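Engineer: Got a structure here, written out as structure tokens. Questions coming.
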Amino acid sequence: MPLPVPTRAVPPSAAALVGSLRGVGYSLETAIADILDNSIAAGAKSIDIQWEWNDGEPVGWILDDGHGMHTDRLVEAMRFGGIGPEAKRTAEDLGRFGLGLKTASLSQCRQLTVVSKASSGLASFTWDLDQLRKSGGGWDLIEGDAGLSGEIRDQLKSRKSGTLVVWRMVDFGRTNDRPSYESFLADLQRVDAHLAMVFHRFLAGDARALEITLNGSRVKAWDPFLENDESVIRNPEQRIEGPGGRVRVRGFVLPHRDRFRNEIEFEKAGGPDGWTAQQGFYVYRHKRLLSAGGWLGLGGSRAWTRDETSRLARIRIDIPNTADHDWRIDVRKAIARPPDAIRKPLQRIAEDVRRKAREVFVHRGQYGSRQKATGVSRIWQVNPEGAKRRYTVRRDHELIQFLKGRMDKTGFEFFEALLDLVERTVPVDRVWLDVTEHGVPDDEVNSSELVTTALSMARMMERAGLTPHEAAARLATMDPFDKVEDIEEKLIRKLQGAKR
């Protein structure tokens, strides 16, 4: 019989461990989102978030109308680790590690109080970092609300049940660098935008209906996929069997800038971090957003980066909470990594969506049958030459053919040689570098300049025998003149006015 292995209990120091956990990487917005997960799991229909500047000593609290917790249940909720990541959870449980409530809260404050109201009455407990430091390494949870003001505690009075999470001694995880009032307000704006994105399917009713308010203002859902917009290209949903359960994937190609009614709508659709940053995969777990944007390390030997030409591509992935281990969900529920077994099918889906997004980006929103239906004539085309792509002028373009019919052979041969020179000297590398460093230039149409250019061409067509109406009609279908509103009518008026 083997001898027993000698062991020694080495419990962690509470103050030291919690101090280390404060540096996990939560921001204010991700910390608050983690608290809201508990409210949703508790069946809350409404969640009120309040923040007070309090003369530079901010205080924040989150109140829900969920089913609440009795004393023993609340003690377990305040325990670091809780039931742990190995425990089987219900389908609606958004938890993972049993750390969210404590770690998220104490990443932003030094005193966490939770007051909960259930059928058995009120229960309240407090974690105080300064108290832990004084306790000599013990895990001394304070019974009660540690002198919480009546004004805050009374928030639960009018509710049949619910839970109140209060953050006091807020330092945002910093030692000395405290925000100004202006920075504090900016932080709250980021909170609003983040919650609108992370819980948009709850706020919009795609999941169980939920209302969230921040300092009295309702948080409005931000849909990354613009599903109510008819201009969005939607790929059919695909289902992939993978480790941990079935994954549902659907790709979306968002509209080109030209298809938005105004700049405000365009900027809003870009998302909290802008169009380029928000492209890519959106990973959801029980309709709660975990990872917003990015390409999950896909792309073969050289992983895809967020580039301008793919900024209209967004892909939704729904995973079950049984796949947490395989998707390597982190403590903050902000990072997800696909298991190796499904990387190839995900890459195939992404390649298709990225290709379509590039087409829409290049052709200003005209794609496939839509492009053919509009009849817009474009003068540039892309011709592959082995591994290198070459940009050339279409020789069958109407203007080129128009000139060919009115030039002698020698003149047109010289003109074609000039076009060939232009094509071979397109500064592709310079353009790509400029786009990479500065983004795509503002592509708003300068109508007056285009009308002037189109008018010059229309007059040339007139001299060749076309009527004003014929010349204007042909030019109105050509890129970029088709971007000018009422271009045909404007040209006809100018051409006819010059004859009077």
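The values are calculated or read from the model by the stated rules, or taken from the named source; none is laboratory data. This is a predicted model, so every value here is computed, not measured. Because the Cβ atoms are built from the backbone with ideal geometry, glycine has one as well, and the counts that use them run over all protein chains shown. In case anyone asks, the SASA skips ligands and DNA or RNA and just uses the protein heavy atoms, side chains included. Shrake-Rupley method; radii C 1.70, N 1.55, O 1.52, S 1.80 Å.
Engineer: Quick check for me: using +1 on Lys/Arg Cβ and -1 on Asp/Glu Cβ, what's the dipole size of the chain about its Cα centre, in debye to the nearest 20?
Structural biologist: Working: 76 positive and 72 negative charges, 293 e Å.
With only Lys, Arg, Asp and Glu charged at Cβ, the dipole is about 1400 debye.
Engineer: Order the following by accessible area, largest value first: Tyr26, Tyr282, Tyr181, Tyr391. Probe radius 1.4 Å; ligands, DNA and RNA are ignored. Could you put the intermediate results ahead of the total?
Structural biologist: Working: Tyr26 25, Tyr282 0, Tyr181 105, Tyr391 80 Å².
Correct descending sequence by accessible area is Tyr181, Tyr391, Tyr26, Tyr282.
Engineer: Given charges of +1 on the Cβ of Lys and Arg and -1 on the Cβ of Asp and Glu, with all other atoms neutral, how large is the dipole of region 166-319 about its Cα centre, in debye to the nearest 20? Write down the numbers at each step before the final one.
Structural biologist: Values: 25 positive and 21 negative charges, 116 e Å.
Dipole about the Cα centre, nearest 20: 560 debye.
Engineer: Mind listing the phi-derived Karplus ³J(HN,Hα) values for region 129-136, rounded to whole Hz, using 6.51, -1.76 and 1.60 with θ = phi - 60°, and x for any glycine or proline?
Structural biologist: Along region 129-136, the couplings run 4, 5, 5, 4, 5, 6, 7, x Hz.
Engineer: Quick one: ranking Trp222, Trp304, Trp380 by accessible area, 1.4 Å probe, largest first, what do you get? Could you put the intermediate results ahead of the total?
Structural biologist: On the way: Trp222 25, Trp304 55, Trp380 120 Å².
Ranked list, largest accessible area first: Trp380, Trp304, Trp222.
Engineer: Which part of region 229-249 falls in the paramagnetic zone of Lys287, meaning amide N under 19 Å from the point 7 Å along Cα-to-beta-carbon?
Structural biologist: The answer is 229, 237-238, 246-249.
Engineer: Moving on. Please give the calculated 222 nm ellipticity per residue for the chain, where each DSSP H segment of at least 4 residues contributes -39500 (n - 2.57) and the sum is spread over every residue; nearest 500 deg cm²/dmol? Each step should come with its number before you reach the end.
Structural biologist: On the way: 16 runs with 169 residues, N = 500.
For the chain, the value works out to -10000 deg cm²/dmol.
Engineer: Test of understanding: what is the full-extension gain from Thr276 to Arg246, defined as 0.36 nm times their sequence separation minus their Cα-Cα distance? Don't jump to the answer; show the numbers that get you there.
Structural biologist: Working: separation 30, 0.36 × 30 = 10.80 nm, distance 2.94 nm.
Net length gain for the segment: 7.9 nm.
Engineer: Right, another one. Expected output is a single nm value to one decimal: the length gained when fully extending between Leu418 and Val232, i.e. 0.36 nm times separation in residues minus the C-alpha distance. What is it?
Structural biologist: Working: separation 186, 0.36 × 186 = 66.96 nm, distance 4.01 nm.
My answer for the length gained is 63.0 nm.
Engineer: Moving on to the next point. Considering the zone a paramagnetic label at Val75 would reach in this model (a point 7 Å from Cα along the Cα-to-Cβ line), which residues of region 140-174 have amide N under 19 Å from it?
Structural biologist: Of the residues in region 140-174, 140-146 have backbone N under 19 Å from the label point off Val75.
Engineer: Still on this structure, please answer the following. Which value, in Å², gives the accessible area per residue of the chain when a 1.4 Å probe is used on the protein heavy atoms?
Structural biologist: Working: 26170 Å² over 500 residues.
The answer is 52 Å² per residue.
Engineer: With a 1.4 Å probe and all protein chains in place, put His286, His256 in order of accessible area, largest first. Display every interim value, and only then the final one.
Structural biologist: Values: His286 65, His256 10 Å².
Output order, biggest surface exposure first: His286, His256.
Engineer: To the nearest 0.05, what FRET efficiency results for Asn383 and Thr322 with a Förster distance of 45 Å applied to their C-beta separation?
Structural biologist: Plugging the Cβ-Cβ distance into 1/(1 + (r/R0)^6) gives 0.35.
Engineer: Mind checking region 222-256 for GluC sites (Glu not before Pro) that DSSP puts in a loop (not H, G, I, E or B) and that have at most 16 other Cβ atoms within 10 Å? Write down the numbers at each step before the final one.
Structural biologist: On the way: sites: Glu227, Glu230, Glu237, Glu241; in loops: Glu227, Glu230, Glu237.
Taking region 222-256 and a limit of 16 other Cβ atoms within 10 Å, the loop GluC sites (Glu not before Pro) found are Glu227, Glu230, Glu237.
Engineer: Something else now. On a 0 to 90° scale, report how tilted helix 409-424 is relative to the longest principal axis of the chain, with both axes built from alpha carbons and the result rounded to the nearest 10.
Structural biologist: For helix 409-424, the angle is close to 20 degrees.
Engineer: A follow-up question, please. Which order do peptides 122-128, 100-106, 272-278 fall in by mean Cβ count within 10 Å, highest first? Numbers along the way, then the final one.
Structural biologist: Details: 122-128: 20.9, 100-106: 23.6, 272-278: 16.6.
Those peptides, ordered most packed to least, come out 100-106, 122-128, 272-278.
Engineer: Along the positive direction of the dipole of the chain (beta-carbon charges: Lys, Arg +1; Asp, Glu -1; about the Cα centre), which of Gly216, Ser180, Thr392 reaches farthest?
Structural biologist: Final value for the positive-end residue is Thr392.
Engineer: Taking the dipole about the Cα centre of the chain, with the C-beta of Lys and Arg at +1 and of Asp and Glu at -1, give me whichever of Val10, Val115, Gly144 is farthest to the positive side.
Structural biologist: Val10
Engineer: In degrees, nearest 10, range 0 to 90: what is the angle between the Cα axis of helix 343-362 and the longest Cα principal axis of the chain?
Structural biologist: With both axes taken from Cα atoms, the answer is about 40 degrees.
Engineer: For the pair Lys404 and Lys134, how long in nm is the line joining their label points, each one 7 Å along Cα→Cβ?
Structural biologist: 9.1
Engineer: Moving on. Mind giving me the nanometre distance, one decimal, between the label points for Arg174 and Asp429, set 7 Å out from Cα along Cα→Cβ?
Structural biologist: 4.4
Engineer: For helix 28-41, what angle does its Cα long axis make with the longest principal axis of the chain, in degrees from 0 to 90 and rounded to 10?
Structural biologist: 70
Engineer: In whole percent, and with a 1.4 Å probe on the protein chains, what portion of the accessible area of the chain is carbon and sulfur? Walk me through the numbers on the way to the answer.
Structural biologist: Numbers: 13140 of 26170 Å².
In the chain, the share of accessible area belonging to carbon and sulfur is 50 percent.
Engineer: Could I ask something else about it? Beta carbons within 10 angstrom, averaged per residue: use that to sort the peptides 411-422, 192-203, highest first. Working shown, then result.
Structural biologist: On the way: 411-422: 12.0, 192-203: 21.8.
Ranking, from highest mean packing down: 192-203, 411-422.
Engineer: DSSP beta bridges in region 279-365, what fraction antiparallel, as a percent rounded to 5? Spell out each step's value before the answer.
Structural biologist: Numbers: 4 of 11 bridges.
Among the beta bridges of region 279-365, antiparallel pairing accounts for roughly 35 percent.
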